[in-house]
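> Pasting in a structure now, in structure tokens, and then I'll have a few things to ask.
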Amino acid sequence: MLERMQGSRARYLVPNGITFLSLACGVAAILASAADQLDTAGALILISYILDLFDGELARRLQAGSSFGLQLDSLVDMVSLGTAPAILAFSYLQDSLRENNLQWTLLWLLTILYTLAGAFRLARFNLLPMKQGQTASLGLTISTSGATLALAVVSHQVTGAVAPPVLFLPLLLLLSLLMVSRIPHPSLTWLFSYRLVNLFYLAYFAVAFFIFRLPAVAVWFLFNVGYVGAALTRSLLRGQNEAG
């Protein structure tokens, strides 16, 4: 079916249609956060993240990549995975941090910083040469960052975690810095190309689900944290090797 669509102009409608659907989820997530329906907002952001993974892959398979699609994808990411997760986190934390003037001020500043960092990440990405294959991304992608922030909020709600909400402030700062950094982050496809990595994650999922019985969103959040940690460790080791 994909081969038949490759020669048709209608092939552009498929990935772009998915991108617009991702945008609809992002806008709906913002409205849900404003209405204090935070579980719904988190779910919509995660759906948008999954759709974002599919539209690019379909564009490649259908040979339907275009400048319009590239610009559209960036604009949608800014709304759905840059702005919506920041508003979700702000809505979730405002009641807990409002009483402390310092924490309340930091929440405002870091929420704004996060969206600015996302815009910077996307603008820099659009100026870089087109990625060839599963190469590393320069800095943490806004999609992974947005999904991680949304997962942190949803898993904190679902598990009733004892971790204080103030810990979200350093998370917002860390994600912002990683997006504007030049630290290479490998693609998930590249990461899972190693047998030992696959065995490690298989063991992780088994322990998390069947022994600790963690909710799926918490398992997903910890997976993303592990991915970010692996990228940082990989960059640190490479820097030490080059220095040596």
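The values are calculated or read from the model by the stated rules, or taken from the named source; none is laboratory data. Note that this is a predicted model, so its numbers are computed, not measured. For neighbour counting, all protein chains shown are included, and Cβ atoms are generated from backbone atoms with ideal geometry for every residue, glycine included.
> Would you be able to say whether some residue in region 224-233 is in contact with a helix residue (DSSP H, G or I) (Cβ under 6 Å, 6 or more places away or on another chain) and within 20 Å of Gly42 (Cβ to Cβ)?
Scanning region 224-233, I find at least one residue that is in contact with a helix residue (DSSP H, G or I) (Cβ under 6 Å, 6 or more places away or on another chain) and within 20 Å of Gly42 (Cβ to Cβ), so the answer is yes.
> Continuing with this model, one more query. Provide a single number: the residues in region 132-165 that are assigned to a loop (DSSP other than H, G, I, E, B) and farther than 26 Å from Asp95 by Cα.
The qualifying residues number 8.
> Another question, if that's okay. For residues that are acidic (Asp, Glu) and part of a helix (DSSP H, G or I), scanning just region 68-116, find the one that is modelled with the lowest pLDDT.
Taking the candidates together, the pick is Asp73.
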